[in-house]
Amino acid sequence: MLTATRVSLPPGARCYQVGGAVRDALLGRPVQDRDWVVVGATPEAMAAAGYQPVGKDFPVFLHPATHEEYALARTERKTAPGYHGFVFHADASVTLEDDLVRRDLTINAMARAEDGTLVDPHGGQADLAARVLRHVSPAFAEDPVRILRLARFAARFEGFDVAPETLALMRQMVDAGEVDALVAERVWQELAKGLMEARPERMFEVLRQAGALARLWPELNRLWGVPQRADYHPEVDTGIHTMMVLQQAARLQAPLAVRYACLGHDLGKGNTPADILPRHLGHEARSEALVRTVNARLKVPGDCAELALLVAREHTHIHRSPEGGASALLRLMERCDAFRRPERFEQALLACEADARGRLGLEAQPYAARPLLQAAFAAARGVDTAPVAAAAVARG
């Protein structure tokens, strides 16, 4: 029995738990948020029963005791390009099946009745068992955000593959220009969520397979196929390396800013002149310039944007810090603004550790630069460094 709904519903109305809560319970995962759909009610009847209306585009209400969201069953119709171009219809005649068919993936199109009965008209439970991400209906193509959401689910649910017909539909959406209609804020919102999943690199693999990464983040997309020196990068391919770095950042439980910085640190290698490959002289400055462009286009929050610029510019110097003396270490810390922004400096070191470990066969290697710079920074904070810094600058 689902007891959370036991507050007076309007006469004749029925309530179902839907979406992610049903999916996660079937997977044995913790249920974070619970959403409910009400069938056979009107907005007026819900308000009269004490539910607080909060929906702007369609009728959504807050439960008077639990404050969970209760939405009236609804249908939707595409009226314009992009993800804002929809007209919604909700009244007492809309069935649960009408509501479920408009959802994105089969694993999200299940419901559970108050008596515990599972309602699964589109085979979501079977797709969970087969570990498949499959669209419910052709209506998937009407909302380009669903490409990002599916890629994010691939990052969350390890071992799930995209159904071939769904991947083909996503490619058709990209070719039709639907992804180009997405606004920066929504793109960043979905990317940020995906970056914090257990396997964030899977999100970018799916976006790349669908052709969406080339539209949303061409600076990152062009890294695949760009060679690097095998003595430094046994994996050779720059795109593969970047995904390995992101995977290491996730294993290090790095915060969002670090994971984003990992994606930007080598962007300049995509612009390396062909005649000097597989070397990448000066890629740090090119990376910094490209990160600045991406920050502006995606409207990246300040903490993420600033760290990504710092890591792009200084990661090579941080890697080589064990080779330098005290004055070189001090100059590096000054350039990183470490004394004023110690937390950001620590995040830069974490990103660089992920970079060093994100190489084939070197994933478990110790990273000497991070503890060295941590110790040097701790020592430097205990003394008046201004005269030393001035002398180091004067010496060049």
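The values are calculated or read from the model by the stated rules, or taken from the named source; none is laboratory data. What you see is a predicted model; the values in this text were computed from it and never measured. Cβ atoms come from the backbone with ideal geometry, glycine included; neighbour counts cover every protein chain shown. Areas reflect the complete protein model, heavy atoms only, side chains present, ligands, DNA and RNA absent. Shrake-Rupley method; radii C 1.70, N 1.55, O 1.52, S 1.80 Å.
Listed here are the residues, each with its yes/no results for (1) of a type in the set (Val, Ile, Thr); (2) at pLDDT 95 or above; (3) closer than 19 Å to Leu207 by Cβ.
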position: Glu235; (1), (2), (3): no, yes, no
position: Thr238; (1), (2), (3): yes, yes, yes
position: Leu246; (1), (2), (3): no, yes, yes
position: Ala257; (1), (2), (3): no, yes, no
position: Tyr260; (1), (2), (3): no, yes, yes
position: Gly264; (1), (2), (3): no, yes, yes
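If you go through the stretch 269-276 one residue at a time, do you hit one that is open to solvent by less than 40 Å² (accessible area, probe 1.4 Å), of a type outside the set (Val, Ile, Thr) and not assigned by the TED database to the domain that holds Ala348? No. The set of residues from the stretch 7-33 being within 13 Å of Glu114 (Cβ to Cβ) and open to solvent by 30 Å² or more (accessible area, probe 1.4 Å) comprises Val7, Leu9, Arg14, Tyr16.
The single residue among Arg320, Arg279, Arg251, Arg259 that is open to solvent by 10 Å² or more (accessible area, probe 1.4 Å) and farther than 25 Å from Ala364 by Cβ turns out to be Arg279.
Restricting attention to the stretch 220-235, which residues are open to solvent by 10 Å² or more (accessible area, probe 1.4 Å) and either of a type in the set (D, E, K, R) or part of a helix (DSSP H, G or I) (or both)?
Restricting attention to the stretch 220-235, the residues satisfying the condition of being open to solvent by 10 Å² or more (accessible area, probe 1.4 Å) are 221-222, 224-227, 229-235.
Result: Asn221, Arg222, Arg229, Asp231, Glu235.
Does Arg134 meet the test of being among the basic types (Lys, Arg), free of Cβ contacts under 8 Å to residues at least 60 places away in the same chain and either open to solvent by 30 Å² or more (accessible area, probe 1.4 Å) or in contact with a His (Cβ under 9 Å, 6 or more places away or on another chain) (or both)? The answer is yes for Arg134.
Scanning the stretch 183-192 for residues that are in contact with an Asp or Glu (Cβ under 9 Å, 6 or more places away or on another chain) and touching a residue at least 24 places away in the same chain (Cβ under 8 Å) turns up nothing. On the given criteria, is Glu114 assigned by the TED database to the domain that holds Trp36 and either modelled with pLDDT of 90 or more or not hydrophobic (A, V, I, L, M, F, W, C) (or both)? So Glu114 passes the test. Filtered by the rule that a residue be within 15 Å of Glu142 (Cβ to Cβ), small (Gly, Ala, Ser) and assigned to a helix (DSSP H, G or I), the stretch 153-192 gives a lone residue, Ala181.
Residues that are more than 23 Å from Ile147 (Cα to Cα), open to solvent by less than 40 Å² (accessible area, probe 1.4 Å), modelled with pLDDT of 90 or more and hydroxyl-bearing (Ser, Thr, Tyr): does the stretch 77-100 have at least one? Checking the stretch 77-100: not a single residue is more than 23 Å from Ile147 (Cα to Cα), open to solvent by less than 40 Å² (accessible area, probe 1.4 Å), modelled with pLDDT of 90 or more and hydroxyl-bearing (Ser, Thr, Tyr).
Would you point out the residue of the stretch 341-382, among those that are part of a loop (DSSP other than H, G, I, E, B) and hydrophobic (A, V, I, L, M, F, W, C), that is nearest to Leu309 (Cα to Cα)?
Out of the qualifying residues, it is Ala368.
Checked against (1) within 17 Å of Leu360 (Cβ to Cβ); (2) surrounded by fewer than 18 Cβ atoms within 10 Å (Cβ to Cβ); (3) charged (D, E, K, R), Lys193 meets all criteria but (1).
Listed conditions (1) over 27 Å from the mean Cα position of the chain (by Cα); (2) in contact (Cβ under 8 Å) with a residue 24 or more places away in the chain; (3) open to solvent by 30 Å² or more (accessible area, probe 1.4 Å); (4) more than 22 Å from Gln228 (Cα to Cα) are all met by Ala338, apart from (3). Taken over the stretch 193-213, the criterion of being among the aliphatic types (A, V, I, L, M), part of a helix (DSSP H, G or I) and touching a residue at least 40 places away in the same chain (Cβ under 8 Å) is satisfied by Leu195, Met203, Val206, Leu207, Ala210, Ala212.
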